[in-house]
Amino acid sequence: MDRIFSGIQPSGNLHLGNYLGAMKNWVDLQHDYECIFCMVDMHAITVWQDPAELRATTRELAAGMIAAGIDPKKNILFNQSQVSAHAELAWVFNCVARMGWLNRMTQFKEKAGKNRENVSVGLFAYPCLMAADILIYKATHVPVGEDQKQHLELTRDVAQKFNNDFGKEVFPLPEPLIFGAGTRVMSLRDGEKKMSKSDPSDYARINMTDDADAIALKIRKAKTDPNPLPDAVAGLEGRPEASNLLGIYGALTGKSLEAAVAECAGMAFSDFKGRLADAAVAKLAPINAEMARLRQDPAYIDGILKDGAQKAAALAKPVLDEVYEAVGFLRP
Ligand code: TYM
């Protein structure tokens, strides 16, 4: 059976990019696949995290997923550090992947910048842990935003090399699932920069915890250009902010970019922004309210994560056994 694995880092605020690029699709996929959704706290500590905040953000993220519509009874939902097989398989993969492969990872280059000598070893080895997350469950499909595509390619390379090195078809080559609209949500302040939790300006992103006023204000202040909206997708060429806002509108309302452009053709940004804010609030307000309700009940969230972790560990165990056997570890 086809099996989905996907992960999200509990580091900082959950934002519209995570929602449209990942979670919204997860909600749809849960009906057609066996799904495992993971809060990757071990990935989060590749850069410094305040321990108390990490715990709080992990719960908040779990609440966000449930509030967004992921059914914790139907799917496996847990935080990564509760299932030690991820780290164990990651170590084996550290010994399978090559330095040259990891050196090519653009996300590492972006995150390390000029500070290469001072970033953690974990940040460099990050893609091996990500490969382990996916392959410890022999997942066949991985829904992600555009920015994770290269990591997925590396996952396939690791799986392939492992199978070749040990002469056994242990791992499938997982397929990325990259959806249309919303796979690359850009900053509200700069249409050429990704919307991210690490952007110093809070006006660059819409957080899942923002209330209706904050959402409307951020959209009103979003960067635009002086022209009205075009009447065809081709007219978005060289207009990153217009492309981004129309892409967001399409993703929020379940329309293709073509349909969003046709609907808003010729509109002034000031009018369009009102329409966009209404769509964002309509989608996000119920999620926000449910998150607030779940925040009151941390024991419920912890119970779900514990239960999810037990189920995940049971799936991971035979795969790790198979890997250790293939590698030649003595297990009397
Ligand atoms: P993370 O935590 O940065 O993001 C989680 C998901 O949200 C998507 N995303 C976006 N999509 C569209 N526009 C944006 N601005 C935007 N920002 C984030 C990401 O593509 C991702 O799908 N390495 C991963 C986490 C991870 C993982 C995994 C994912 C660890 N192990 C295994 C899949 C499978 C990451 O840092 O995602």
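The values are calculated or read from the model by the stated rules, or taken from the named source; none is laboratory data. Predicted, not measured: the structure shown is a model, and the values here were computed from it. Cβ: placed from backbone, ideal geometry, glycine included. Neighbour counts: every protein chain shown. These area figures cover heavy atoms from the full protein model, side chains too; ligands, DNA and RNA do not enter into them. Shrake-Rupley method; radii C 1.70, N 1.55, O 1.52, S 1.80 Å.
Summary of values
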| item | result |
| --- | --- |
| Boolean, Glu110 is surrounded by fewer than 17 Cβ atoms within 10 Å (Cβ to Cβ), of a type in the set (Asp, Glu) and farther than 18 Å from Gly12 by Cβ | no |
| Any chance Pro72 is over 30 Å from Asn164 (Cβ atoms) and surrounded by 17 or more Cβ atoms within 10 Å (Cβ to Cβ) | yes |
| The range 15-41, residues that are under 24 Å from Gly122 (Cα atoms) and open to solvent by 20 Å² or more (accessible area, probe 1.4 Å) | Asn18 |
| Failed item, numbered, when Ala285 is tested on (1) more than 25 Å from Val40 (Cβ to Cβ); (2) over 25 Å from the mean Cα position of the chain (by Cα) | (2) |
| Residue that is farthest from the ligand (Cβ to nearest atom), among those in the range 1-12 that are in a loop (DSSP other than H, G, I, E, B) and open to solvent by 40 Å² or more (accessible area, probe 1.4 Å) | Met1 |
| Residue within the range 13-32 that is more than 25 Å from Leu315 (Cβ to Cβ), part of a loop (DSSP other than H, G, I, E, B) and touching a residue at least 24 places away in the same chain (Cβ under 8 Å) present | yes |
| The range 41-63 residues that are in contact (Cβ under 8 Å) with a residue 60 or more places away in the chain, paired with ones that are in a loop (DSSP other than H, G, I, E, B) and among the hydroxyl-bearing types (Ser, Thr, Tyr) (beta carbon under 7 Å, 6 or more apart) | Thr46/Ser120 |
| Where a residue in the range 116-128 is in the same structural domain as Gln150 (by TED's automatic domain parsing) and its partner, wherever it lies, is among the basic types (Lys, Arg), with Cβ under 8 Å and at least six apart | Val119/Lys111; Leu123/Lys111 |
| Residues of the range 174-201 satisfying the condition of being more than 30 Å from Val92 (Cα to Cα), at pLDDT 95 or above and not in a loop (DSSP other than H, G, I, E, B) | Met186 |
| Residue satisfying condition, being under 23 Å from Phe179 (Cβ atoms), of a type in the set (A, V, I, L, M, F, W, C) and open to solvent by less than 40 Å² (accessible area, probe 1.4 Å), within set Ala232, Ala309, Ala260 | Ala260 |
| Only listed residue being without any contact (Cβ under 8 Å) to a residue 24 or more places away in the chain and either surrounded by 17 or more Cβ atoms within 10 Å (Cβ to Cβ) or closer than 25 Å to Leu14 by Cα (or both), chosen from Asp278, Asp321, Asp302 | Asp278 |
| Search result, residues across the range 160-182 that are of a type in the set (A, V, I, L, M, F, W, C) and either within 13 Å of the ligand (Cβ to nearest atom) or farther than 18 Å from Ile4 by Cα (or both) | Phe162, Phe166, Leu177, Ile178, Phe179, Ala181 |
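A quick yes/no check of all residues on (1) among the hydrophobic types (A, V, I, L, M, F, W, C); (2) open to solvent by 50 Å² or more (accessible area, probe 1.4 Å); (3) under 17 Å from Leu252 (Cβ atoms):
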{"residue": "Ala159", "(1), (2), (3)": "yes, no, no"}
{"residue": "Phe162", "(1), (2), (3)": "yes, no, no"}
{"residue": "Asp165", "(1), (2), (3)": "no, yes, no"}
{"residue": "Leu173", "(1), (2), (3)": "yes, yes, no"}
{"residue": "Tyr203", "(1), (2), (3)": "no, yes, no"}
{"residue": "Lys218", "(1), (2), (3)": "no, no, yes"}
{"residue": "Ala222", "(1), (2), (3)": "yes, no, yes"}
{"residue": "Glu241", "(1), (2), (3)": "no, no, yes"}
